[in-house]
Number of protein chains: 4
Amino acid sequence: VAGQIQIDRLYTLADFEAAANQQLNFMASEYLKAGIAGEVTLRENRAAFERLRLLPRLFEDVSAIDTRLTLFGREHASPILLAPVGYQKIFHPEGELASVEGGNLSNTTFISATFASFTIEDICLRAKRPAWFQIYVQNDRGFTQELINRGVTSGCEAICITADTPVNGPRERELRAGFHLPPGVERANLRSLGSTLANAPHRNIYTPIRAANVTWKDLEWIRSICKVKLLVKGILNPKDAVRAVECDVDGIIVSNHGGRGLDTVPATIDALPAVAEAVSDRVPILMDSGIRRGTDVYQALANGATAVLIGRPYLHGLAVAGAAGVARVMEILRTELEMTMGLMGRARLSDISTQTGL
Amino acid sequence: VAGQIQIDRLYTLADFEAAANQQLNFMASEYLKAGIAGEVTLRENRAAFERLRLLPRLFEDVSAIDTRLTLFGREHASPILLAPVGYQKIFHPEGELASVEGGNLSNTTFISATFASFTIEDICLRAKRPAWFQIYVQNDRGFTQELINRGVTSGCEAICITADTPVNGPRERELRAGFHLPPGVERANLRSLGSTLANAPHRNIYTPIRAANVTWKDLEWIRSICKVKLLVKGILNPKDAVRAVECDVDGIIVSNHGGRGLDTVPATIDALPAVAEAVSDRVPILMDSGIRRGTDVYQALANGATAVLIGRPYLHGLAVAGAAGVARVMEILRTELEMTMGLMGRARLSDISTQTGL
Amino acid sequence: VAGQIQIDRLYTLADFEAAANQQLNFMASEYLKAGIAGEVTLRENRAAFERLRLLPRLFEDVSAIDTRLTLFGREHASPILLAPVGYQKIFHPEGELASVEGGNLSNTTFISATFASFTIEDICLRAKRPAWFQIYVQNDRGFTQELINRGVTSGCEAICITADTPVNGPRERELRAGFHLPPGVERANLRSLGSTLANAPHRNIYTPIRAANVTWKDLEWIRSICKVKLLVKGILNPKDAVRAVECDVDGIIVSNHGGRGLDTVPATIDALPAVAEAVSDRVPILMDSGIRRGTDVYQALANGATAVLIGRPYLHGLAVAGAAGVARVMEILRTELEMTMGLMGRARLSDISTQTGL
Amino acid sequence: VAGQIQIDRLYTLADFEAAANQQLNFMASEYLKAGIAGEVTLRENRAAFERLRLLPRLFEDVSAIDTRLTLFGREHASPILLAPVGYQKIFHPEGELASVEGGNLSNTTFISATFASFTIEDICLRAKRPAWFQIYVQNDRGFTQELINRGVTSGCEAICITADTPVNGPRERELRAGFHLPPGVERANLRSLGSTLANAPHRNIYTPIRAANVTWKDLEWIRSICKVKLLVKGILNPKDAVRAVECDVDGIIVSNHGGRGLDTVPATIDALPAVAEAVSDRVPILMDSGIRRGTDVYQALANGATAVLIGRPYLHGLAVAGAAGVARVMEILRTELEMTMGLMGRARLSDISTQTGL
């Protein structure tokens, strides 16, 4: 009951972040905060949104604001999805099972991570609407194929190939916090490869970098074996976006891995317009990294995105109140988007024009 | 007497703000400070003025500086009016009655809010010069018409339609301060609708958004029934300004609601030039949001405004010393404008050219 | 002797400022720090210099760096003069007499202020090289003429007409510090007008503004009666610069009164290039406001100035150690200029080209 | 052993800096931190890197990242060399001998300073791969020639002429810390000139500036007598770069002396592109000043550099753990570069294109 009272006084995603940081242990909160290296991109993800300006239109009929989005034929309560994040048991005992339940409650899509602490099968069992499955392409192509098959068999509607981490590197904030997988948290999807990989210690700077030899040919191969929707996640360069479209993907996710990939890459909202221009409406563009406000969601859409993903914010909700916390975070953000649309004079998502800039 | 001494040592509007914050309780001062959401626009309203530069002309005869403005046929001591702000009893027991008295003393126009804590009739009884009446268009058109009629009957010279809040949203700073209407403070103009609406609790994020279906057609209708001057308040977009002029309004108020409407919209001083160019002198343009210095007033005029409104600053004056405080704030700002005009080499308002930029 | 030791450990103008602030009483140090209003221009005067970049040339022969400047036929140790500042007795018992002695020691020109605490006659008696005399044109033209005559008779080589203060305004920092003329400090040059004016209390915001009716015609008249060099001080606008040259002045001083005149005017180093282009070498251009480093002096010269004035920095020297302090400040700045010239590969002032930007 | 543990927890160059500052006495740490004057350029060296953005390419084969560089026919583990810094005994008893050993361990080149605390002969004895020798051209040309001969005889592969300090000036941070050569630290290479010069007290602002008359003719002469590779260090101006190439040098080092030369010159990464365009691949360009991250090294290469030098960072390593500390710093930076290359999709240095910007 105390928790219930508390959640009523969390008015914004920033409030949830503060509450989560109080609740989590140091290692967990540092892991969630961490960006790569000097965290230039992490900060820039927020700063870029704060630099953008909205220019409203008045005297529009906004008596029936509608934030619903149909994506790949399925209705979402809003153009806001739940991004793939690994090891969610670190934040709440129910981990991804609570998050996918939050997605159910919020009428939106949950995207499971390869490094989820529950298997994709267990997660899909809890999903009332099809989840998506994020996959790190493994040097072992057989296992990549196995992962895709397991996702599809479990009912996933889409596969997201994360392309922005061909090499492994440490995040210093994690190193300083002594980050490790706590007892009971494992890479559940990797169990079939043996406990070694499922429970392998976290990477460290002095570990030799194990870099991938994954190329566009692999993406073509994945496309050929993937019978559900296929998206590529982690694109910032318009040339890569065009190439991905030419590989017949169904969607693109503009992302800098929440500032956790390569430092000093642009904020996604700054990278988005050029990608959108290059893609030119051939496939939907999603984006993540830095979304904390309804005005951010609006800006993403006005700059060419069809939808956005949030990551850390829903994990703050998860840490504070499990599935209900996830759902509350989603509702706050959706309501803020609704208010932004009303104040901008656009009652429907399709009224948000990238032609006029806004 | 102690208060009298104190006021003599308040040299700037910032001094009045500090003094008011000492005097007011936390809820009241937070309510007055509050911007919407992340308060990006609230900060930008000030930052934009600090970025602008003035370039003086020397050796002009400034022995007779004249800040007087004739607006809609009526003389004002300066191009500075008193903006509509609701619930003024929160700041001083006499509330709007003291503010309108401050307007009398300062020889300028007071604009009453729909959500004033006194009725428009009571306020107009105290006004030695005609007040203006700000109106939120209600979904109940009959009540809108009633409000207009009451204003005109009471002697108001102009009606200002606030157009920038078609939906209601919360301000987190208010939520955190537990803002509510204190006992004895009500929306006096709404009494005829019953005590429920007059005393309704303050909006909250979890209140379903009640969005307006007010459109340009409504503005045309208001124009047709409004026999006094009609202004639209809250314009930032040049296209809306043109459309409003085509609806035959008598003036436009460029405003972002003091940073309380939609976050991340531009500072008004940044939005003003494009609006002014679009309006092209067909009607007077007023502006508010962020004015704290005589140089700000000058910049507004040099960028196309005929006059400005101040809001928070005169409420600081009200909180500190009632009507006398309001008048002192107005006099400080007027004197600063006078000094700016002298140092710029422009003795009359008409010497402030938007042609040359300054 | 202790003072002597102290001065040896003051390595920069910033060190002198800190030492002076320790030594002076609050009222005096606040008076010296004060800019007008929000002190935007005061800060900008420094920030603008920090934004500018120097691009050196290497392998130039800089074995004989020469900072000497001949101005109006007279050699100066460096292109750095002592700006007019009033009431110097506030900072040191010997006031302007010590400062002019500092000019003697530094082989540079001291410019006396109208509001000096010693008469121009007393000051010129101490000057081993001709001083200049800064004059606020008075509404009483007869007294203006008397001042000019007294300056010329006393041996002044030039008259500087301050043009940027046609109206009087307060500086809030001074008001807050309760600034007033201490006993024994007077406007000595105004004694002939009676003790009232010589000792009049300091201006205050609620004093009605007494604005000047001084115009270009007055400047022409002054030119006609002034048989020594004539400069106009306070120009920021290129049009005013051209007009002044057309009035046959001998020089122009680009200044924003050290940020004490009108707030939000540009930093002088930002205003300088356009003025220099408009003047096009017809008369020497001096500038002040914000010079604290040898690189600043260099930038001023590279942007079109013939020489610079310093104000506050030499008063810090005066406060710390009288004439010796003034001389030390001048020597530090001259040495820093020498080092800058050496590192830039320009051994002579004439090598500093405005053609190449640097 | 305790030290060994400590070094394992230093994950970045910033960690080494903090650890070194704990270990060093105040005078030594201040000496190492010091930039010239207001330290504008010192700060800008970092700020400029943080402003730059990287734009990755995905799905490239990065399974075999190779950071090796062949420079002047010799393989380096990475394009990162050890910059010349004097008086290294201040930071560690073994001084330059430990640093050159760090170079051996890291398979990179150590550049000895003229003002090393060991002789070039002693240093070269410890070098397992040829060192380079940085030389301040002395007004005594005979001694310059002697230094070059000693370097070449000792086995140096290249001579670097530092060109950006034709005059001597103080750094205030050093003056305030009372910087002096501690007992046992001398300019070992200057012993042949007598102990006076080898142990001369540190320069001071009140020392008359002793400026060099070294010109391009001297560089031509040095070229004629120098039978090994010849580089000029300290170039920021593209015109100087072209002139140096015309003097037949073998390489250019873009540098602002780590912010210790002339204040307000550009960050080297900002100066680099114009120099690279002017040089147009005729000779390799090296750069230093501000490199702290693998992304910085990458940006330097993407903006036209063939390699970079680091200075302060390896001295932090030296202070913390001698040769092992130097090697660790080098390995961290090399690994960060490796990760950057992987995440950028460039497996070889030659894939880093200045044509595409990145």
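FYI, it's all coordinate maths here, none of it is from the lab. Given the structure is predicted, the values throughout are model-derived calculations rather than measurements. Quick reminder, even Gly has a Cβ in these numbers, built from the backbone with ideal geometry, and neighbours come from all protein chains shown.
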When only Cα pairs under 8 Å and 6 or more residues apart are kept, what is the percent relative contact order across segment D:227-358? 20
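Can you tally the net charge around B:G251? Count Lys and Arg as +1, Asp and Glu as -1, for every other residue whose Cβ sits under 15 Å from the Cβ of B:G251. It would help to have the intermediate numbers written out before the result.
On the way: positive: B:R74, B:R223, B:K229, B:K233, B:R243, B:R282; negative: B:E157, B:D240, B:E246, B:D248, B:D250, B:D281, B:D288.
Here the charged neighbours net out to -1.
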Counting pairs of alpha carbon atoms under 8 Å apart in space and at least six apart in sequence, what relative contact order in percent does segment B:52-111 give? 31
If labels are modelled 7 Å from Cα along the Cβ direction, D:Q145 lies from its partners in the other copies at nm distances, smallest first, of 7.6, 7.6, 10.7
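Counting only DSSP beta bridges with both residues in the protein assembly as shown, what percent are antiparallel, rounded to the nearest 5?
Working: 12 of 116 bridges.
Bridges in the protein assembly as shown are about 10 percent antiparallel.
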The answer for C:V85, listing residues at least 5 apart or on another chain whose modeled amide H is closer than 5 Å to its amide H, is C:A113
Per the helix-only calculation at 222 nm, which mean residue ellipticity applies to chain A, given -39500 (n - 2.57) for every DSSP H run of n ≥ 4 and division by its residues, nearest 500 deg cm²/dmol? -13000 deg cm²/dmol
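Using 1/(1 + (r/R0)^6) with R0 = 25 angstrom and r between the beta carbons of C:D66 and C:Q6, what's the FRET efficiency to the nearest 0.05?
Numbers: r = 31 Å, r/R0 = 1.25.
Efficiency computed from Cβ-Cβ geometry: 0.20.
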Projected onto the charge dipole of the protein assembly as shown (+1 at Lys/Arg Cβ, -1 at Asp/Glu Cβ, origin at the Cα centre), which of D:I291, C:M27, B:P166 gives the Cα projection farthest towards the positive end? C:M27
Relative contact order computed over chain C (Cα-Cα under 8 Å; 6+ residues apart), in percent: 26
Give the residue from B:L349, C:L81, D:I332 lying farthest towards the positive end of the charge dipole for the protein assembly as shown; charges sit on Cβ (+1 for Lys and Arg, -1 for Asp and Glu) and the dipole is referred to the Cα centre. D:I332
Using the 10 angstrom Cβ neighbour count as an exposure proxy, how do C:V297, B:V245 rank, fewest first? B:V245, C:V297
Using modelled backbone amide H atoms (1.01 Å from N, in-plane), which distant-in-sequence or interchain residues come within less than 5 Å of B:L230's amide H? B:I159, B:D250, B:G251
Taking the simple approach of a point 7 Å from Cα along Cα-to-Cβ for both D:D140 and D:N199, what is their distance in nm? 1.7
Once phi is turned into θ = phi - 60°, what whole-Hz ³J(HN,Hα) does the Karplus curve with 6.51, -1.76 and 1.60 give for every residue of segment D:284-290, x standing for Gly and Pro? x, 10, 9, 8, 9, 5, x
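If the only charges are +1 at each Lys and Arg Cβ and -1 at each Asp and Glu Cβ, what is the size of the charge dipole of the protein assembly as shown around the Cα centre, to the nearest 20 debye?
Numbers: 152 positive and 156 negative charges, 123 e Å.
Rounded to the nearest 20 debye, it is 580 debye.
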10 Å Cβ neighbours from other chains, averaged over peptide B:333-340: 4
For C:E121, go 7 angstrom from Cα along the Cα-to-Cβ vector, then report the distances to that same point in the other copies in nm, smallest first. 7.7, 7.7, 11.0
Under 1.5 on a/c is rounded, so check that first for segment D:1-58, then, if it is not, pick prolate when a/b is larger than b/c and oblate when it is not; a ≥ b ≥ c are the square roots of the alpha carbon gyration tensor eigenvalues. oblate
Anisotropy class of the protein assembly as shown from Cα gyration tensor, a/c 1.5 cut: oblate
What does a probe at A:K227 reach in segment A:137-177, counting residues whose amide N is under 20 Å from the point 7 Å along Cα→Cβ? A:142-161
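Counting other C-beta atoms within 10 Å, which of D:K128, C:K233, B:K89, B:K239 has the fewest, and how do the rest follow?
Working: D:K128 11, C:K233 24, B:K89 21, B:K239 15.
Final ranking by Cβ density, sparse to dense: D:K128, B:K239, B:K89, C:K233.
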Mind listing the label-point distances from C:D248 to the same position on all other copies, shortest first, one decimal in nm, points 7 Å along Cα→Cβ? 6.3, 6.3, 8.9
Non-local amide H neighbours of C:I80 (under 5 Å, H modeled in plane, Pro and chain starts lacking H): which ones? C:V308
Whether segment C:38-161 is rounded, prolate or oblate, judged on the alpha carbon gyration tensor where a/c under 1.5 counts as rounded: prolate
Assuming R0 = 45 Å, can you tell me the calculated FRET efficiency for the pair D:R74 and D:N25, based on Cβ-Cβ distance, to the nearest 0.05? 0.75
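Which entries in the list B:K89/B:K128; D:K128/D:K217; C:K128/C:K227 go over 32 Å, if you measure between the two C-alpha atoms of each?
On the way: B:K89/B:K128 20 Å; D:K128/D:K217 35 Å; C:K128/C:K227 21 Å.
Over 32 Å apart, Cα to Cα: D:K128/D:K217.
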³J(HN,Hα), Karplus 6.51/-1.76/1.60, whole Hz, each residue of segment D:69-85, x for Gly, Pro: 10, 9, 10, 6, x, 10, 7, 10, 4, 7, x, 10, 10, 9, 6, x, 9
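What does the charge count near B:D164 come to, summing +1 for each Lys or Arg and -1 for each Asp or Glu among other residues with Cβ under 13 Å from its Cβ?
Neighbour charge sum, excluding B:D164 itself: -1.
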